[in-house]
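What follows draws every value from the coordinates through simple rules; no lab data is involved. All values derive from a computational prediction rather than experimental measurement. Positions of Cβ are backbone-derived with ideal geometry, glycine not excepted, and every protein chain shown enters the neighbour counts.
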């Protein structure tokens, strides 16, 4: 019988050898992973902190810039509007009044209804004797109105829809019941409406036209066909679409814009657009806000 002392030692298999060899390697890899995680984690945290710091700095700079611009615009507005309201304004030169309304129009046309000032200046210009100065000042006032209209139309067309029509003034003269223009539809936010325009009168001196607008909703996700909305109003170069528009359902607006008026014809553009793109003074009704939120949730 062999004693325990004389027994041969048991050989280690390959898995045990691998375990012996890999244990220190595993520890090393674990240490490297922890070090790498700490290094890259600190880099990410540092980068995020730097981003947050830059964002706060940028926000502060933009806030100060907005405050500065608001203060400047407030002072500018007060100075210009005082020049129209103070006593003796009618005695100031038309050139000075035109310059003031240009400053107002180019800086505040989205938030102010400037039509009364345009009409007042137009009245003052028409009261002048016929001559080169009268023609030049009237053209200057009309160019200003067209430029404001052009800027507002570019903004509204991006968010809405439009079509153009031309009025033949001779045909209008021979249409005692009014000249009916071709109907067309506009679609905004999946709501399609049919627009029908009847031209009733035209004033060649002041370049105004009177129209009857009929708007019928053709497709509405929340309602069926509706009876048409019918309104009558005058249009001139001084009716700016962001300000002078018609309120529709679902916080939408429509506007008719006069883009040209000559001896033979008048060019019109009909726009439909969301109420969010109307002037800053236009606020949606409370029920419209609720309906918009309900539609978005659906």
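Sorting 192, 227, 149, 30 from the fewest to the most surrounding beta carbons within 10 angstrom yields 227, 30, 192, 149. Fewest-first ordering of 62, 258 by other beta carbons within 10 Å of each residue's beta carbon gives 62, 258.
In what order do 247, 143 fall by count of nearby beta-carbon atoms within 10 Å, going from fewest to most?
Numbers: 247 15, 143 12.
Ascending number of Cβ neighbours within 10 Å: 143, 247.
A simple spin-label model places pseudo-atoms 7 Å from Cα toward Cβ; at residue 201 and residue 124 they are separated by 2.7 nm. Where a ≥ b ≥ c are the square roots of the eigenvalues of the C-alpha gyration tensor, would you call segment 85-186 rounded, which needs a/c under 1.5, or, failing that, prolate if a/b is larger than b/c, or oblate? The shape class here is oblate.
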